[in-house]
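A.B. asks: My questions all concern the structure below.
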Amino acid sequence: MSVDTSPQPTERADIVRRATLLNRLTIGWNAVEGVVAIAAGVAASSVSLVAFGLDSGIEVSAALVLAWRLHQERRSGCQLPADDRARRLVAWSFVALATYVSVMATIDLVGRDEPEASTLGIAIAALSLIVMPVLAAAKRRLAVSLGSQAAIAEAAQTNVCTMLSAALLVGLSANAVLGWWWADPIAGLTIAGVSAWMAVRTFRAESLEHTCCG
């Protein structure tokens, strides 16, 4: 005899409420992070910083997609078609980022476009490396409880931001301290590669079992 392990309506409503709160925090943080990173990247001619800022923008768009998904549940209950649609949109956002950044990083690498050192960029990368793992872990716990692959994908994107923060920090620091100009476009290509990998994973994701969305 199987046991129903899905959350009860009251408990699920609380999970949706907490997921919505984390979703809003994600939008706010990444909006600020993206603007600062892109501005610093343009000032320093750093493709990795601009790519990181664009990733923050895509994280905002993914969070907005998830906000729509959570709104659909609050209005009409958990619906698998809405969840699948949101998941695919998140996956395409990874594709867009990987395509753009790989092209720009390759151009800079081949053309030997040397970026300037960016103290602001190093600071934003270090701060993101502290904030993102905590936010990603909290979001993934709620996503599993929701049984939402869209929420899982969006939490994974936040986790990717952690890895990208580390790559960015290494690249910017190597350029600033050691003068390794090529570390910047290499960091950009790392961002593109991770984004492409996440796109494939998100496209292939299946609905979770034992939930209203399973």
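A.B. asks: With the Cα gyration tensor of segment 95-214 giving a ≥ b ≥ c as the square roots of its eigenvalues, does the rule (a/c under 1.5 for rounded; else a/b larger than b/c for prolate; else oblate) give rounded, prolate or oblate?
C.D. replies: Oblate shape, in that a/c is at least 1.5 and b/c is the bigger or equal ratio.
A.B. asks: State the percent of C-alpha pairs, over all pairs in segment 87-152, separated by a distance greater than 16 angstrom.
C.D. replies: 70 percent
A.B. asks: Where does helix 183-204 land angle-wise versus the long Cα axis of the chain, in degrees 0 to 90, nearest 10?
C.D. replies: Once rounded, the angle reads 20 degrees.
A.B. asks: Report, in debye and to the nearest 20, how large the dipole of segment 22-204 comes out about its Cα centre when Lys and Arg carry +1 and Asp and Glu carry -1 on their Cβ.
C.D. replies: 920 debye
A.B. asks: Continuing with the same structure: Hey, what number do you get for the chain at 222 nm if only DSSP H runs of n ≥ 4 count, each worth -39500 (n - 2.57), divided across all residues, to the nearest 500?
C.D. replies: -29000 deg cm²/dmol
A.B. asks: Only one of the listed values, (i) 15.8, 45; (ii) 18.4, 65; (iii) 20.5, 70, was derived from the coordinates as Rg and Dmax of the Cα atoms in Å; which label is it?
C.D. replies: Here Rg and Dmax of the Cα atoms in Å agrees with entry (ii).
A.B. asks: While we're on this one: Using Cα atoms only, what is the angle between the long axis of helix 47-76 and the major principal axis of the chain, expressed in degrees (0 to 90) to the nearest 10?
C.D. replies: Between helix and principal axis, roughly 10 degrees.
A.B. asks: Now, a different point. Using the number of other C-beta atoms within 10 angstrom as an exposure proxy, rank L66, L189, L127 with the fewest first.
C.D. replies: Arranged by neighbour count, lowest to highest, L66, L189, L127 become L127, L189, L66.
A.B. asks: Can you list the residues, at least 5 places off or on another chain, whose amide H is less than 5 Å from the amide H of W180, using H built in the peptide plane?
C.D. replies: Those qualifying (amide H under 5 Å, at least 5 residues apart or on another chain) are N175.
A.B. asks: Which of the listed residues, A39, V144, L49, is farthest toward the dipole's positive end in the chain, when Lys, Arg count +1 and Asp, Glu count -1 at the beta-carbon?
C.D. replies: V144
A.B. asks: In degrees from 0 to 90, rounded to the nearest 10, what is the angle of the helix 149-173 Cα long axis to the longest principal axis of the chain?
C.D. replies: Approximately 20 degrees, to the nearest 10.
Values in this text are rule-based calculations from the coordinates and carry no lab data. Everything quoted here is computed from the prediction, not taken from an experiment. Every residue, glycine among them, receives a Cβ derived from its backbone with ideal geometry; neighbour counts consider all protein chains shown.
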